[in-house]
Amino acid sequence: MSLLKQAIDQIAIYDTHEHLITPAAYAALNPDIITALFGMHAYIQHDLISAGCSYSTLDAFLDQHNHDIAARWALIAPFWAHCQYTGYGEAVRFSAHALYEINHLDATSLEAAAALHAQYTGIAGYQKLMTLANLSHVQIDAFTWQPPVTTEVPALHYDLNVQTIVDGSVSFAALALHTEIAITNIASYRTALQTLIQKHARDVVAIKTQHAYTRTLAWSAVSDEAVEAVCAQHLAGVPLSSHHAILLGDWAFAVIVDAACTAQLPIKIHTGHHAGNGNMPLEWISPRLLIPLLRAFPAARFVCMHIGYPFQDELLSLAKHYANVYVDLCWAWSIDPVTSGAFVRRWIHTVPINKLFGFGGDAFLPTQTVGFSLQLRAWMNRTLRAEVDAGTLKIPAAIRIAQALLSENQRLFYTRSQE
Ligand SMILES: [Zn+2]
């Protein structure tokens, strides 16, 4: 085995983006082998649908009340044949091989692996999967304000998700209850938002928003006066037009970014490709739409997630130019591993190396994070090996870059000064 591969395989990864359910929820779910590999929002489902599988067929395949693994596999086999080589499919194959010694996924190999699957269930199984993935620190977006308590696995850390605030759909009643601030106008809404950030500043690692799923990333500064009437309308429960929702969201995002700066919390923003099928407006998701925000808040630290795929080239320029822009390869390796590798190679020769974060599996189940982590290690090796073969990097430099991208950059970025 080459020195480079050996080094990459041994790095304990500082994982900056997952949606992992808690160990207790995992134990309660008690996934069977098909759920472990294909279930719980697994991205491979989106490729299967894209390939022509119906939602009802997918549901029947994933129904773990049906113990007939062979019958369930027969439903999906024709579509799996089309998807097995995509990044999502490759990650499933990595998990199947690492956890169940499966070299070829079919009904026979899945049925034969049932005995091996038993060791990955329950809280002990969750802990074992985290060890297999070799993650030193894991950041999770649980889509909540209040981080869950997960003492069984000390490496788990949480984001504070503000999507509904930034897209203008937030429930004022829920926010008032959570912050104990009565929201009656724009001034008290500001206080509630500031309180939300202050309240959780010590128990979360970052602010997170994926509003690119529900509105455009384009942002502009909004005055209190311009949004006062919209705020009153939302308070009265009158539905907002999309224009007014964006106005309220842009105003609130500015308050949040300010509060995040004070709390030394970075702001993670989903940029680029949407999970799912049938809903992605390409004109909403490009990182370039964030430029007014980047210019308005030079002291903030913005993380553009998922390399803004398929607009990753914009981020080479934005991250090179703006000191407050960082980029995360989370999920990107499985969306498009070839482009992600090429992006890393171009980044090395274009942008300071400390501003790129190398991995987040973006998964809900730890059985799937194992596959994504192995996929990342394989492609990182292939990517840096290509630089060595081209004569642009020596092996020790390639190893240092791997360590920076998989651990050191993130650790330095997310460790707050007073800690
Ligand atoms: Zn995610």
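Would you check which residues across region 172-227 are of a type in the set (S, T, N, Q) and under 22 Å from F413 (Cβ atoms) and list them? Before you say what the answer is, go through the steps one by one.
Step one: filter region 172-227 for residues of a type in the set (S, T, N, Q), giving 179, 184-185, 188, 191, 194-195, 198, 209-210, 214, 216, 220, 223.
Correct list: Q198, T209, Q210.
Quick check on my filter: what residues within region 85-104 are over 22 Å from S340 (Cβ atoms) and either in contact with a Phe, Trp or Tyr (Cβ under 7 Å, 6 or more places away or on another chain) or in the same structural domain as V338 (by TED's automatic domain parsing) (or both)? Please lay out each step first, then the result.
Narrowing region 85-104 to residues over 22 Å from S340 (Cβ atoms): 99-104.
Of everything in region 85-104, just one residue is over 22 Å from S340 (Cβ atoms) and either in contact with a Phe, Trp or Tyr (Cβ under 7 Å, 6 or more places away or on another chain) or in the same structural domain as V338 (by TED's automatic domain parsing) (or both), namely L99.
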Query raised in the report: Looking only at residues in region 47-66 that are surrounded by 13 or more Cβ atoms within 10 Å (Cβ to Cβ) and of a type in the set (G, A, S), which one is farthest from S334 (Cα to Cα)?
Result: A60
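If you go through region 3-46 one residue at a time, how many are away from the ligand (no atom under 16 Å from the Cβ) and not hydrophobic (A, V, I, L, M, F, W, C)?
Filtering region 3-46 for residues away from the ligand (no atom under 16 Å from the Cβ) gives 3-14, 22-39.
Now restrict to residues that are not hydrophobic (A, V, I, L, M, F, W, C): 5-6, 9-10, 14, 22-23, 26, 30-32, 35, 39.
Number of matching residues: 13.
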Requested in this report: Identify all residues within region 388-398 that are part of a helix (DSSP H, G or I) and surrounded by fewer than 19 Cβ atoms within 10 Å (Cβ to Cβ); write none if there are none.
Outcome: V388, D389, I395, P396, A397
Requested in this report: Within region 17-53, track down each residue that is within 26 Å of I269 (Cβ to Cβ) and touching a Lys or Arg at 6+ places or on another chain (Cβ under 8 Å).
Outcome: H17
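How many of the residues in region 186-228 are in a helix (DSSP H, G or I) and either aromatic (F, W, Y) or more than 21 Å from T271 (Cβ to Cβ) (or both)? Don't jump to the end; show me each part of the working.
Looking only at region 186-228, we keep the residues that are in a helix (DSSP H, G or I), and these are 186-200, 211-213, 224-228.
Imposing the further condition that a residue be either aromatic (F, W, Y) or more than 21 Å from T271 (Cβ to Cβ) (or both) reduces the set to 186-200, 213, 224-228.
So the answer is 21.
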Query raised in the report: Is there a residue in region 334-354 that is in the same structural domain as Q210 (by TED's automatic domain parsing), polar (S, T, N, Q) and within 16 Å of the ligand (Cβ to nearest atom)?
Result: yes
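Each row is one residue, and each column tells you yes or no for (1) under 27 Å from T209 (Cβ atoms); (2) under 22 Å from the mean Cα position of the chain (by Cα).
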position	(1), (2)
H349	no, no
K355	yes, yes
A363	yes, yes
P366	yes, yes
T369	yes, yes
A378	no, yes
T392	no, no
Query raised in the report: For region 105-185, which helices (runs of 4 or more DSSP H) that fit wholly inside it have 1 or more residues that are polar (S, T, N, Q) and modelled with pLDDT of 95 or more?
Result: 107-112, 122-133, 163-166, 172-179
Report task. Consider only pairs whose beta carbons are under 8 Å apart and that are at least six residues apart or on different chains; among these, list those whose first residue lies in region 40-68 and is assigned by TED's automatic domain parsing to the domain that holds Y88 and among the polar types (S, T, N, Q) and whose second residue is loosely packed, with under 15 Cβ neighbours inside 10 Å and in a loop (DSSP other than H, G, I, E, B). Result -> S50/N277
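Based on this model, can you work out whether T350 counts as buried (at least 21 other Cβ atoms within 10 Å of the Cβ) and in contact (Cβ under 8 Å) with a residue 12 or more places away in the chain? Break it down stepwise before answering.
Numbers: buried (at least 21 other Cβ atoms within 10 Å of the Cβ): no; in contact (Cβ under 8 Å) with a residue 12 or more places away in the chain: yes.
It is false that T350 is buried (at least 21 other Cβ atoms within 10 Å of the Cβ) and in contact (Cβ under 8 Å) with a residue 12 or more places away in the chain.
The values are calculated or read from the model by the stated rules, or taken from the named source; none is laboratory data. Note that the structure is predicted; figures quoted are calculated from it, not measured. Cβ atoms come from the backbone with ideal geometry, glycine included; neighbour counts cover every protein chain shown.
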